[in-house]
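Please read the structure below before turning to the comments.
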Amino acid sequence: MKKIVFMCAGICLAMSFASCGSSEKAYRKAYEKAQAQQQQQVQQPVQQVQVTETPVVTPVQTVPSTQTQVVDNSANVQVRQERVTIVSGAGLQNYSVVVGSFSVIANAEGLQQRLKNAGYAAQIVKNEDRNMYRVVASTFNDKASAVQSRDQLRSSGAAGQTFADAWLLYNGR
């Protein structure tokens, strides 16, 4: 009985493989159809359309230039407020421009000396809460002057160095 079952299964399997295969006739029919379409396209006359382009020229208009007025917007400049004590320097006014922060005082003194050599009245203050020494390049009573000094230090710098991270410290008493 087992032999008959295996024989039937083998015959069914052989028949299923034989019936799944594509016949050569189907391939030949598709090939001939593609060839006929290609010949039809070749036989159709190609119509050539002549396209002419006309250039579009926009007239040039001269418009007088106007001068843009720059408005000082120092009121919106961000200012930090920290409790600091003076380590080295003459004293702080309300707004100070900080150009460096160090945890080691020797590094702060080095930057202070470079700024002094460049003509700034640099000072060192200490933030006890963060244990950081801040190097102040300049100090002012009004915010607008402090912003102007900060922008100058950010762009041209001092002692051959630019201070892109310069920020304002408020020392209102």
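Length gained on full extension, Q81 to R130, computed as 0.36 nm times the residue gap minus the Cα-Cα distance: 16.4 nm.
Of the peptides 135-145, 87-97, the ranking by mean beta-carbon count within 10 Å, highest at the top, reads 135-145, 87-97.
Within straight-line reach of K25, meaning a Cα separation under 26 Å, sit the following lysines at least 8 residues removed in sequence or on another chain: K33.
Per residue, the stretch 81-168 exposes an accessible area of 51 Å² to a 1.4 Å probe, with every protein chain left in place. Note on the stretch 112-173 and the stretch 82-102: Cα centroid distance 8 Å, given to the nearest whole angstrom. The share of accessible area on the stretch 74-173 that comes from carbon and sulfur is 42 percent, using a 1.4 angstrom probe. Classified by the C-alpha gyration tensor, the stretch 110-160 has an oblate form. Its axis ratio a/c, with a ≥ b ≥ c, is 1.5 or above, and a/b does not exceed b/c.
Legend: calculated FRET efficiency, A90 to N117, from the Cβ-Cβ distance at R0 = 22 Å, rounded to 0.05, equals 0.80.
The values are calculated or read from the model by the stated rules, or taken from the named source; none is laboratory data. As the structure is a prediction and not an experimental result, all values here were calculated from the model. A quick note on method: Cβ atoms are made from the backbone with ideal geometry, for glycine too, and the neighbour counts reach across all protein chains shown. With ligands, DNA and RNA removed, areas are computed over all heavy atoms of the protein, side chains included. Shrake-Rupley method; radii C 1.70, N 1.55, O 1.52, S 1.80 Å.
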